[in-house]
Amino acid sequence: MPLSLVVIAFLVFFNAINHPFVHDDVVFIVQNPQIGRLDHLADVFFQTSHFPQSGGINSYYRPVLEIFYRLEYRLFGLKAAGFHLVNILIHIANGLLLFGLLCRLQFSRGLAYGISLLFLIHPVQSEAVACVAGVSNLLTALFVLLTLYCYVRQKYVLALLSLVLSLLTKEQAVMAPLLLVLIDWYQHRKHRGSLWLIFGVLTLSFWWMHATVTGAHMLQDILQWPGELKLRLLAIPRTLLMYLRLVVLPYDLHYYRNTDILQPNGLGFILWGLLLAGLGWLTKKFQLNGRSIIFGLGWLVACLLPVLNIVPLINEYSFILTAEHFLYLSMVGAVIVMAAVLQRLIPKKTFLPLAVIIFLGLGALTVYQNTFWRGEIPLFERVVTFEPNFARGHVLLAKAYLYNSPPLVGGVRGGEISANTPLPNPPHKGEGMINLAIEHYSRALTIMKEYERKATNDKARQFYRGFIKDIYVQMAVCYIQKGDQIQAQQLLKMAIGLNPLYSSPR
């Protein structure tokens with residue numbers, strides 16, 4: 001039975017192996033100046049990680065992940081296929097660990113298998129598995145699942161070690177102690193207060209280390225703008241419903257998923273009330289396993305708690321990050337709830353054929369979803385399809401068009417251009433893609449100018465001006481490609497007018 005999990009998962013993600021490095025992969029690996037160093041590894045525990053960061057609480061402290069990237073580089077160099085293969089293997093290991101954990105928690109072997117298989121082949125996992133940089137989620141989940149498995153087997157020293165590794169891989173692992181409490185409740189285990197205290201103190205120690213190394217101040221960042229915090233909190237029910245819908249109906253999966261916290265939230269509260277009331281009624285009428293339903297909901301909320309934007313994860317203006325990779329381990333809770341309901345409502349003769357149809361459909365959708373990670377153009381075309389008002393999505397797609405057009409004359413790149421850069425008159429090459437780049441830069445410029453106008457403080461206003469400068473300069477490069485020197489010079493003057501010292505935002 002476990003062997004079939006390995007084979008099926010490998011088949012579903014096999015088409016991602018030959019994809020190149022895209023977007024974050026380039027920053028994390030290709031452009032990482034420390035990627036080739038295996039000396040002085042202890043230093044990574046006393047400095048911020050070489051990853052994009054927005055400052056404050058969102059500064060990255062991920063020493064285990066940094067070491068892992070360096071080891072992968074030592075094995076594969078810059079051959080992306082090796083990195084993709086490692087992602088798939090870790091994902092499979094997570095599925096096997098989940099299967100073993102569920103069996104230890106007294107789930108029937110068939111149910112544990114079904115949940116683990118769905119975890120392995122669900123299309124929402126594509127963002128974590130098919131993207132090289134998604135290994136941060138895979139590796140964190142590996143150590144969290146090891147923590148839970150060792151804890152259930154009463155191997156507490158190994159559980160503590162695994163927890164440390166998970167915390168040093170990605171900050172989202174702070175939810176692990178909550179899962180331990182949930183597991184003890186599910187197993188009717190009591191008198192574990194001293195163990196909970198040890199795991200809790202260890203987690204708090206990590207946050208102290210994180211703050212010391214990065215200079216981040218979590219409480220200060222959370223409370224900096226009380227009005228914005230209120231909006232983020234009110235959006236939580238709507239965000240949770242969105243995540244649940246992605247597990248049930250994953251038809252619009254895409255990178256850079258956002259939720260607008262300025263949209264109405266009343267319906268989210270109403271739907272959650274109806275959902276919980278409906279689950280209660282079904283549990284009573286059909287004698288569902290209420291303990292499994294509570295366990296599943298608890299798992300879902302506990303895993304998502306660090307990324308529900310209590311701590312601000314804001315992409316731009318009112319858009320908060322609600323990435324699909326946040327569901328990587330969280331989705332297990334939603335699947336447990338659905339399994340507890342469907343097992344009782346669907347006749348046994350129908351359940352197995354229906355499950356096979358669902359698994360086949362989801363597996364095929366995952367294979368399709370993987371194809372969007374074959375390059376930045378298809379990846380960001382899908383982003384703007386579903387996020388048409390997300391300025392950064394248009395910028396990223398425009399850059400993909402620009403830098404996938406024929407080589408620029410003289411090697412001029414957007415980040416290198418300045419007031420003294422000569423603007424040659426190159427031949428018209430790749431004009432179709434250049435026109436597409438200009439179209440999306442123009443759309444992003446309109447959105448960013450509106451953000452700047454709405455900004456309520458100078459810090460936010462300067463932030464959006466940085467993006468506007470970047471757009472002007474990149475558009476100038478587009479017009480260099482088209483041979484329109486006059487328009488390129490005008491755009492460059494606009495960028496310099498915002499700030500004589502041009503610097504591109506992250």
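The values are calculated or read from the model by the stated rules, or taken from the named source; none is laboratory data. Keep in mind that what you see is a predicted model, and the values were worked out from it rather than measured. All Cβ positions, glycine included, derive from the backbone under ideal geometry; neighbour counts span all protein chains shown.
Tell me, please, whether a residue that is surrounded by fewer than 18 Cβ atoms within 10 Å (Cβ to Cβ), among the aromatic types (Phe, Trp, Tyr) and under 18 Å from the mean Cα position of the chain (by Cα) can be found in the range 354-373. So far as the range 354-373 goes, no, none of its residues is surrounded by fewer than 18 Cβ atoms within 10 Å (Cβ to Cβ), among the aromatic types (Phe, Trp, Tyr) and under 18 Å from the mean Cα position of the chain (by Cα).
For every residue, the table says whether it meets (1) under 17 Å from Gly497 (Cα atoms); (2) at pLDDT below 85; (3) buried (at least 18 other Cβ atoms within 10 Å of the Cβ); (4) in contact with a Cys (Cβ under 6 Å, 6 or more places away or on another chain).
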{"residue": "Arg413", "(1), (2), (3), (4)": "no, yes, no, no"}
{"residue": "Ser418", "(1), (2), (3), (4)": "yes, yes, no, no"}
{"residue": "Lys429", "(1), (2), (3), (4)": "no, yes, no, no"}
{"residue": "Ile438", "(1), (2), (3), (4)": "no, no, yes, yes"}
{"residue": "Leu445", "(1), (2), (3), (4)": "yes, no, yes, no"}
{"residue": "Met448", "(1), (2), (3), (4)": "yes, no, yes, no"}
{"residue": "Tyr451", "(1), (2), (3), (4)": "no, no, yes, no"}
{"residue": "Gln462", "(1), (2), (3), (4)": "yes, no, no, no"}
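Residues that are part of a helix (DSSP H, G or I), buried (at least 16 other Cβ atoms within 10 Å of the Cβ) and touching a residue at least 60 places away in the same chain (Cβ under 8 Å) within the range 7-48 comprise Ile8, Ala9, Phe10, Val12, Phe13, Asn15, Ala16, Asp24, Asp25, Phe28, Ile29, listed in sequence order.
The set of residues in the range 134-169 that are surrounded by fewer than 23 Cβ atoms within 10 Å (Cβ to Cβ) and part of a loop (DSSP other than H, G, I, E, B) comprises Arg153, Gln154, Lys155. If you go through the range 186-212 and keep only what is hydrophobic (A, V, I, L, M, F, W, C), farther than 26 Å from Ile90 by Cβ and in contact (Cβ under 8 Å) with a residue 12 or more places away in the chain, you end up with Leu195, Trp196, Ile198.
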